[in-house]
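One structure is given here, and the rest of the page talks about it.
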Amino acid sequence: MTAEFTVRYTISPNERSPKVVSTARYTVDAAAKALELLSAFSFREPRLSLAELASRTGIPRATAFRLLSTLEHSGYLVKVHGAYQPGIKCFVLGNIVAGGLDLRETAHPHVVALRDLTRETTQIAILDHWQVVYLDRVLSPEPVGYMRARAGAILPAYCTGLGKTLLAYRPESEVDAWASTQKFPALTPTTITSARRLMKELREIRERGFAVDLEERERGVCCIAAPICNHTGDVVAAISVAGPRERMPRDLVKSDIAAAVVSAARAISIDLGAVGDEPYRAAPPAHGGRR
């Protein structure tokens, strides 16, 4: 199949909340600057000096000092060895937000958008007792004679794109200990059937940033899956696109669909509060067409 499509991951207007009208005229400048200072902190840089904060935000040093002092007094920052770091108030607010984020609800608009972009079946899943559990699934608008599983379905992890993705980001020692006790039945001629080969595949997935399933669970069905992270950076789910071999790209790894799946995974992770880009560093660049 040679149909062309543009890799630009967006959410359908019907799935997104109405745009917020600009409220710039109601913005309090001092509050905006204080929030900018707080936004400068990250998992990689949890502690920053006055000079670093002023430099990163472009806020004059004297102004930054007054704002930081106010935030420190209010418990949103603490000063340790002359540098600032987020305080307990930030921790409390972060946990309030994280506690209100429902994975399926947060991911659903992205799942729909990815299905609309690729026109293939899209799903998210979690790992439970070394098995894949579908949380959400949106079927392709194109004719599909198989892949009938719905949300709530349970599948083996070793032979699915979603499962291999989720296994790849578990502690390697735990996966190795589990795999060494398992038998991996061959469901198709391309199914991974040994622990050694599975562990090798999982290392390749971590290096690549996503997984592919080349008709490993079901003949004629291919899949591309990528990890979803939460606010602590842990991989908590995966999203995938699956379709008939004849409609999927010839080279899954370098395809635009792979780039779109990774983009969707990244977008969901951001909505769940993830910071950084660690699992997706090796993501493929966009290419023209479904090659």
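The values are calculated or read from the model by the stated rules, or taken from the named source; none is laboratory data. Everything numeric in this text was worked out from a predicted model, so none of it was measured. Positions of Cβ are generated from backbone atoms using ideal geometry, with glycine treated the same way; all protein chains shown enter the neighbour counts. Calculation scope for accessible area: heavy atoms of the full protein, side chains included, ligands and nucleic acids excluded. Shrake-Rupley method; radii C 1.70, N 1.55, O 1.52, S 1.80 Å.
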Checked Arg219, Arg208 against criteria (at pLDDT below 95, open to solvent by 10 Å² or more (accessible area, probe 1.4 Å) and more than 30 Å from Ala274 (Cα to Cα)); the one match is Arg219
Taking segment 256-282 and keeping residues over 20 Å from Ser42 (Cβ atoms) and either surrounded by 22 or more Cβ atoms within 10 Å (Cβ to Cβ) or within 12 Å of the chain's Cα centre (by Cα) (or both) leaves Asp256, Ile257, Ala258, Ala260, Val261, Val262, Ser263, Ala264
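Open to solvent by 30 Å² or more (accessible area, probe 1.4 Å) and under 15 Å from Asp128 (Cα atoms): which single residue out of Gly152, Gly233 fits that description? Walk me through how you get there before you give the answer.
Details: Gly233 fails: under 15 Å from Asp128 (Cα atoms).
Among Gly152, Gly233, only Gly152 is open to solvent by 30 Å² or more (accessible area, probe 1.4 Å) and under 15 Å from Asp128 (Cα atoms).
Of everything in segment 68-123, what is among the polar types (S, T, N, Q), in contact (Cβ under 8 Å) with a residue 40 or more places away in the chain and either assigned to a helix (DSSP H, G or I) or open to solvent by 70 Å² or more (accessible area, probe 1.4 Å) (or both)? Give them in sequence order. First the steps, then the outcome.
Of segment 68-123, the ones among the polar types (S, T, N, Q) are 69-70, 74, 85, 95, 106, 118, 121-123.
This time we only want the ones that are in contact (Cβ under 8 Å) with a residue 40 or more places away in the chain, so: 85, 106, 118, 121-123.
Within segment 68-123, Thr106, Thr118 meet the criteria.
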If you go through Arg170, Arg115, Arg137, Arg104, the only one that is at pLDDT below 90 and not hydroxyl-bearing (Ser, Thr, Tyr) is Arg104
